[in-house]
There are 2 protein chains.
Amino acid sequence: MTDKSRDIEEGTAFTPKFDPDGLITAVVTHAATGDVLMVAHMNAEAVAKTIESGEAWYYSRSRKALWKKGESSGHVQRVKELRVDCDQDALWLKVEQVGPGACHTGRRSCFYRAVPLGRSGAVTLEFRDGDKTFDPKAVYGKS
Amino acid sequence: MTDKSRDIEEGTAFTPKFDPDGLITAVVTHAATGDVLMVAHMNAEAVAKTIESGEAWYYSRSRKALWKKGESSGHVQRVKELRVDCDQDALWLKVEQVGPGACHTGRRSCFYRAVPLGRSGAVTLEFRDGDKTFDPKAVYGKS
């Protein structure tokens, strides 16, 4: 192990490792249930705003813009704990999700379909917890 | 919403969206506790092997190689459930972690440090659940 990797893995300096696009992966779980709500990305500014405010900010790769979760829906995420992984290239946010859900499709979590195991070849997904908890058209004003 | 995005988000065909390097992000949680154990990447072959075997396979970006979790440590991950997110660019594995831990540093989870909230400027990490549960030198045969 190099001194540098020891510092990253065993040290107390927060030195997030952004990818070539300046982004780091953020995994968001529901603080009470442990369910994964979403996987998103943050740039340095989103990380700083999340730390300062205690509410989740991300960077949208499609819209190429910083965004605060819930800025249009009201479904903000109050961060109960923020953790970084061993090599500091991933973040884990345990959040209190305000409102009925985190997913832009109108569901509590983005992970509403399961991949059956023990098969090979084409896979048919199975809906799990797939009921919509809000109407995305009404909340976001678009389909 | 286009027909294509509707198919991806609301359909039952599993069409994982790999990034330009041929990889998809995989979030791994402990099936019983909901704790995030690690974030890794899979290529198409790792996805197929995981589905077929019910044990977790990944792709190492640093070693540029397919690897089965636990192939050297014995700490395999039995996948209890595999889910895909709305736009099919992230996977969530709920696993039973065999052995004392998932992290190459010798810990149960890779997320053993917290980032204090409500601050600005330089951040000092705080260890949480940071005790080593195994000796990585003994398990992996290297430091």
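The values are calculated or read from the model by the stated rules, or taken from the named source; none is laboratory data. Not measured: the values here are computed from a predicted model. Every residue, glycine among them, receives a Cβ derived from its backbone with ideal geometry; neighbour counts consider all protein chains shown. Heavy atoms of the whole protein, side chains included, go into the accessibility calculation; ligands, DNA and RNA do not. Shrake-Rupley method; radii C 1.70, N 1.55, O 1.52, S 1.80 Å.
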When both residues are 6+ apart or on different chains and their Cβ atoms are under 6 Å apart, which pairs have a first residue that lies in region A:1-21 and is facing another protein chain (nearest Cβ under 10 Å), and a second that is modelled with pLDDT under 95 and open to solvent by 60 Å² or more (accessible area, probe 1.4 Å)?
A:MET1/B:SER143
Quick one: count up the residues across region A:80-113 that are under 14 Å from the mean Cα position of the chain (by Cα) and either assigned to a loop (DSSP other than H, G, I, E, B) or within 7 Å of another protein chain (Cβ to nearest Cβ) (or both).
15
The residue that is farthest from the other protein chains (Cβ to nearest Cβ), considering only those in region A:39-68 that are of a type in the set (Lys, Arg) and not in a strand (DSSP E or B), is A:LYS64
Tell me, which residue of region B:69-79 that is open to solvent by 10 Å² or more (accessible area, probe 1.4 Å) and in a strand (DSSP E or B) is farthest from B:THR15 (Cα to Cα)?
B:ARG78
Got at least one residue in region A:23-38 being within 11 Å of chain B (Cβ to nearest Cβ), in contact with an Asp or Glu (Cβ under 6 Å, 6 or more places away or on another chain) and open to solvent by 20 Å² or more (accessible area, probe 1.4 Å)?
yes
For B:SER73, work out the one condition from (1) modelled with pLDDT under 95; (2) of a type outside the set (A, V, I, L, M); (3) within 30 Å of A:TYR112 (Cα to Cα) it doesn't fulfil.
(3)
Yes/no for A:GLY99 being open to solvent by less than 20 Å² (accessible area, probe 1.4 Å) and either out of contact with any Cys (no Cβ under 6 Å at 6 or more places or on another chain) or polar (S, T, N, Q) (or both)
no
